[in-house]
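Everything on this sheet refers to the single structure shown next.
The values are calculated or read from the model by the stated rules, or taken from the named source; none is laboratory data. Because the structure is a prediction, the values reported are computed rather than measured. Cβ sites come from the backbone with ideal geometry, for glycine too, and all protein chains shown count toward neighbours.
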Amino acid sequence: MTSSSPKIYLGELNHTPLGDLRLAASNFGLVALEWADSQPRLIAYLLHHLKGQVEENQKRIQPYAKEVGEYLKGKRREFSFAIDWSTLRLFQLKTLKAVFDIPYGETRTYAEIAAQIGHPLAFRAVGRANATNPMALVIPCHRVIGRDGKLHGYGGGDGLPTKEWLLKLEGAVIA
C-alpha cells in the first residue's frame, strides 16, 4: 500500500566554491536546491508546497549532488538528471522552462523571457518567478539580466556577487 503523500529525499553537497548546498528530489527528479543557511526555508517549502514526507537520504541525492559539484568546478555545462517540474505553478513553469533553456555562458533579459513565453509586458512577473525558483543553479536564473545589461536581483548565496561568480564561471559577457 502506497502513501498518498509523495516522498521527498533530502541530501547535501558541501564544500563547494559557493558554500554548502541542500538538495531535494522526488521519485521523478530534482525539486529543490538551496544554500545550507536557508535550510529552514527549504524544509518549509517542501512541507508546505509539496506536501510530501521529507526523508534524509544522501544516497538518493548523490547523482544530483555529483553533477552540481561538477558544474561548480567548471567540469559540466549541462545536467543529465531529471527535474520534477510538477511542483511549479503554470506561469512559473513556463518562465522557468524558458530560463532552463538558456545555453551555458549566455544571458537573456527579463523582457526577452517575457516575450518568449507570450507575455511581453510581464517582465516583472518573470523576475518574481525567478526569485521563487526552487532549483537555483540547475534552472539558471543567474543567466537572466536586466535590459540595461547589468545584474539585477539574485537570492542565492551572497546575492549579486554569487550571480556574477556563476556568470564568470560560464564565461558569459556581463556589463
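Numbers at a glance
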| quantity | calculated |
| --- | --- |
| Sole residue being assigned by TED's automatic domain parsing to the domain that holds Glu34 and either among the small types (Gly, Ala, Ser) or assigned to a helix (DSSP H, G or I) (or both), chosen from Lys59, Lys97 | Lys59 |
| Of the criteria (1) at pLDDT 95 or above; (2) within 19 Å of Gly155 (Cα to Cα); (3) among the aromatic types (Phe, Trp, Tyr), which one Tyr45 fails | (1) |
| Total residues in the stretch 85-115, condition closer than 19 Å to Asp148 by Cβ and either free of Cβ contacts under 8 Å to residues at least 40 places away in the same chain or over 15 Å from the mean Cα position of the chain (by Cα) (or both) | 10 |
| Residues that are of a type in the set (S, T, N, Q) and buried (at least 21 other Cβ atoms within 10 Å of the Cβ), drawn from the stretch 132-161 | Asn133 |
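Yes or no, residue by residue, for (1) among the hydroxyl-bearing types (Ser, Thr, Tyr); (2) closer than 21 Å to Leu88 by Cβ; (3) surrounded by fewer than 17 Cβ atoms within 10 Å (Cβ to Cβ):
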residue	(1), (2), (3)
Leu10	no, yes, no
Asn14	no, no, yes
Leu23	no, yes, no
Leu30	no, yes, no
Leu33	no, yes, no
Ile43	no, yes, no
Leu46	no, yes, no
His49	no, yes, yes
